[in-house]
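Visitor: One structure is given below, represented as structure tokens, and several questions about it will come after.
The values are calculated or read from the model by the stated rules, or taken from the named source; none is laboratory data. In this text the structure is predicted, and so the values were computed from the model without any measurement. A quick note on method: Cβ atoms are made from the backbone with ideal geometry, for glycine too, and the neighbour counts reach across all protein chains shown.
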Amino acid sequence: MAVTQRPAGSVVIVGAGTQGRRLAFMWSRRGGTVCLVDLQKKQLEEGLSYVKQLRSAALDSGQEYGEVKVAQPDALETILQDAWLVVECVPENRALKQKVITQLDSWSPACTIIASNSSSYGISEIIEGLELKHSNRILSAHCYWPPETSAIEIMGHQHTDPNVISLLMEQSRAHGFSPFHVKKDSIGYIYNRIWAAIKRETLLALSEGVCSPREIDAIFKDVLKTPKGPCEQMDVVGLDVVLDIENHYADSRTGIPTEPRIYLQRMIESGRLGVKNGSGFYNYRSDAVETGNELSTANL
């Protein structure tokens, strides 16, 4: 298959956190310029360092990567004038995402594609009630864990230009993603709808005292041959993020049980956020006798 021509201009990524820095690596793989924007200078410095780490570890070591620049929000309006794509990767807060999308729509040229990387809010939910100039170029482009996991789910809303979806599908594939088109509004897209049910039943089983996190992970990996079990995966994502997503599902659908959210809330209140702070279902602190040592959840 012929490699498609890269659109003229840069890719701008708003948010240099876990997802933003990984996307900077992916979108710079074909030589294009990527601009990583964040309010915190430390995030930008760490983001650049992480991109370098990913490039050093990449199998395509001979690849001619594009430049990754960094900037703070006060330069965003100027930077956007040369962008063919801008992706928001701000925290999973609907009001914040609405503010950012509105600003991007106001400042970007009409031809710039605007994508949200939200994991739980579909683009229809994000733009609901907003006054936008060019809503036809706005869509969701949700990734998981690039480059290790290459899946990207692309979902428009009722007014998204089909040509915009086709272009982003094409360019995503050319940059090493595995794109999937979500053809209708779907809270959780494709994979997260299925994953949400697994997380919820895991938490429900734990809240009922059926088994321990280690036992759940062990049987899950034994049957499905996956590298991580549900509890390990939730620790990686962050238990606070998992709770935010669960709350969103509960607000949007009927019949969602409360016990999993109560269980998560108690874990968070006891100081367990997962890998990010060294303590979740397992202990990740360097002073632990064994990394990944299971923590007691008997009293939760």
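Visitor: So which residues in segment 218-275 are under 22 Å from the mean Cα position of the chain (by Cα), under 20 Å from N293 (Cα atoms) and aliphatic (A, V, I, L, M)?
Guide: M234, V236, V237, L239, L264, I268, L273, V275
Visitor: If you check A24 against the conditions, is it more than 18 Å from V100 (Cα to Cα) and surrounded by 19 or more Cβ atoms within 10 Å (Cβ to Cβ)?
Guide: The answer is yes for A24.
Visitor: Take the conditions over 20 Å from S150 (Cα atoms) and either surrounded by fewer than 16 Cβ atoms within 10 Å (Cβ to Cβ) or in contact with a Lys or Arg (Cβ under 8 Å, 6 or more places away or on another chain) (or both) and apply them to E77. Does it pass?
Guide: yes
Visitor: Going by the conditions given, is G47 in contact with a strand residue (DSSP E or B) (Cβ under 9 Å, 6 or more places away or on another chain) and modelled with pLDDT under 95?
Guide: Taking the combined requirement at face value, the residue does not satisfy it.
Visitor: Go through (1) loosely packed, with under 15 Cβ neighbours inside 10 Å; (2) at pLDDT 95 or above; (3) not charged (D, E, K, R) one by one and return the number of the condition W84 breaks.
Guide: With respect to (1) loosely packed, with under 15 Cβ neighbours inside 10 Å; (2) at pLDDT 95 or above; (3) not charged (D, E, K, R), W84 is out only on (1).
Visitor: Specify which of the listed residues (R22, R55) is in contact (Cβ under 8 Å) with a residue 60 or more places away in the chain and touching a helix residue (DSSP H, G or I) at 6+ places or on another chain (Cβ under 9 Å).
Guide: Testing whether each residue is in contact (Cβ under 8 Å) with a residue 60 or more places away in the chain and touching a helix residue (DSSP H, G or I) at 6+ places or on another chain (Cβ under 9 Å) leaves just R22.
Visitor: Could you go through segment 28-40 and let me know if any residue there is assigned to a helix (DSSP H, G or I) and at pLDDT 90 or above.
Guide: No, every residue in segment 28-40 fails to be assigned to a helix (DSSP H, G or I) and at pLDDT 90 or above.
Visitor: A follow-up question, please. Has segment 78-92 got at least one residue that is over 27 Å from I165 (Cα atoms) and not in a strand (DSSP E or B)?
Guide: Narrowing segment 78-92 to residues over 27 Å from I165 (Cα atoms): none.
No, there is no match, as no residue in segment 78-92 is over 27 Å from I165 (Cα atoms) and not in a strand (DSSP E or B).
Visitor: Report yes if some residue within segment 286-293 is modelled with pLDDT of 95 or more and not in a loop (DSSP other than H, G, I, E, B); otherwise report no.
Guide: Of all residues in segment 286-293, those modelled with pLDDT of 95 or more come to none.
No, the conditions are met nowhere in segment 286-293.
Visitor: Hey, another quick one. Quick check on Y282: is it in contact (Cβ under 8 Å) with a residue 40 or more places away in the chain and either farther than 23 Å from I187 by Cβ or among the aliphatic types (A, V, I, L, M) (or both)? Full working, then the answer.
Guide: Working: in contact (Cβ under 8 Å) with a residue 40 or more places away in the chain: yes; either farther than 23 Å from I187 by Cβ or among the aliphatic types (A, V, I, L, M) (or both): yes.
So Y282 fits the description; yes.
Visitor: Right, here's the next one. Pick from segment 137-189 the residues that are of a type in the set (V, I, T) and modelled with pLDDT under 95: which of them is nearest to W107 (Cα to Cα)?
Guide: Result: I187.
Visitor: Hey, another quick one. Would you mind stating whether A8 is out of contact with any Leu (no Cβ under 7 Å at 6 or more places or on another chain) and assigned to a loop (DSSP other than H, G, I, E, B)?
Guide: So A8 fits the description; yes.
Visitor: Please go through (1) over 26 Å from S118 (Cβ atoms); (2) in a helix (DSSP H, G or I) for L243 and return the number of the only condition it doesn't satisfy.
Guide: (1)
Visitor: Residues of segment 60-115 being of a type in the set (D, E) and touching a Pro at 6+ places or on another chain (Cβ under 7 Å), which ones?
Guide: none
Visitor: Here's something else I'd like to know. Of a type outside the set (A, V, I, L, M), within 18 Å of Y121 (Cβ to Cβ) and outside the structural domain of L85 (by TED's automatic domain parsing): which single residue out of S186, S140, S207 fits that description?
Guide: Result of the check over S186, S140, S207: S186.
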